[in-house]
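*Asks:* Let me begin by handing over the structure; questions about it come next.
The values are calculated or read from the model by the stated rules, or taken from the named source; none is laboratory data. Predicted, not measured: the structure shown is a model, and the values here were computed from it. Don't worry about glycine lacking a Cβ; one is built from the backbone with ideal geometry, like all the others, and counts go over all protein chains shown. For accessibility, only protein heavy atoms count, side chains too; no ligands or nucleic acids. Shrake-Rupley method; radii C 1.70, N 1.55, O 1.52, S 1.80 Å.
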Amino acid sequence: VNTYGESSDGIDRHMAVNHLGHVLLVNRILPLVRKTAAIPSAPTPRIISVSSELHRDAPSNTSFASLDELNDPSLRGDQLYGRSKLANILFTKYGLEERVFRPNGDHIIALAVHPGAVHTGQQDQFKELYGPLFGTVLKYLVVPFMRNPDQGSLSTLWAATSDDVEKNGWAGKYFSDPGKLGGESKQACDTELGARLWKLSEDLIKEKAGADALLPWDAGRG
């Protein structure tokens, strides 16, 4: 959660780091994940996106229509972060599950989780976001109420290993705690918003990393 800034590619760094890099990584490793899924008796591979309850702080007018919309320096740090965490959920639900795994009959599960408020080095960014004095005070006010990193890993570990996921047909779901469906925001349930995010993500990756940066989403199938 930091002030506005752009990556070396000229993209809001929250979206670049928290979302677009993930899209490219998943795309490039997907053929290997499909190969793993085809191993007899192997557990179903899972792709877990670490989102956040702060996805609710995404600007209400978020539409994922253009790079100009992403690169808005007037947005607060919590809005920038929240928008990128909203993208994590939409990518899981309306990207991987709806556009890739189901149409291709993949035996792969995508999930999104909230790790909780976790005490990591991220809180040091408060000083840049809110100023040295208030940022330091805020850090020491909130840290005692946060989970430690071990506790913060539990949601992800549960999503990656729990038998309940397949038993309950929870593919594509968002969890706010282990086994607890998140009840995500209205924006995170918007199929059209998910479709626009998917298109914008592909367009930006191809524009910035090259037309061949993304493999076909059915690469490695069969």
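*Asks:* Accessible area per residue, 1.4 Å probe, Å², for segment 169-217: what's the number?
*Replies:* 51 Å²
*Asks:* Find the centroid of the Cα atoms in segment 52-116 and in segment 160-222, then give the distance between the two in whole Å.
*Replies:* Centre-to-centre distance over Cα atoms comes out at 8 Å.
*Asks:* Near the amide H of residue 46, under 5 Å away, which other amide H atoms are found, from residues 5 or more places off or on another chain, if H is placed in the peptide plane?
*Replies:* Placed amide hydrogens put 109 under 5 Å from residue 46.
*Asks:* Using mean Cβ contacts within 10 Å as the protection proxy, how do 36-48, 167-179 order, highest first?
*Replies:* 167-179, 36-48
*Asks:* Here's another thing I want to ask about it. Apply 1/(1 + (r/R0)^6) to the Cβ-Cβ distance of residue 68 and residue 211, taking R0 = 25 Å, and write down the FRET efficiency to the nearest 0.05.
*Replies:* 0.70
*Asks:* Which of the lysines could a cross-linker bridge to residue 85, judged by Cα under 25 Å and excluding same-chain residues fewer than eight apart?
*Replies:* Qualifying lysines at Cα under 25 Å: 93, 127, 139, 173, 180, 186, 199, 206, 208.
*Asks:* Determine the share of segment 47-106's accessible area contributed by carbon and sulfur atoms, expressed in whole percent, with a 1.4 angstrom probe.
*Replies:* Numbers: 980 of 2210 Å².
Percent of accessible area from carbon and sulfur atoms in segment 47-106: 44.
*Asks:* With a 1.4 Å probe and every protein chain left in place, work out the accessible area per residue of segment 24-96 in Å², rounded to a whole number.
*Replies:* On the way: 3110 Å² over 73 residues.
Spelled out: the 1.4 Å probe surface of segment 24-96, per residue, equals 43 Å².
*Asks:* Enumerate the calculated ³J(HN,Hα) couplings along segment 70-84 in order (Karplus 6.51 cos²θ - 1.76 cosθ + 1.60, θ = phi - 60°), each rounded to whole Hz, writing x wherever the residue is Gly or Pro.
*Replies:* Once θ is set to phi - 60°, the couplings for segment 70-84 become 5, 8, 10, x, 7, 6, 6, x, 5, 5, 5, 5, x, 5, 5 Hz.
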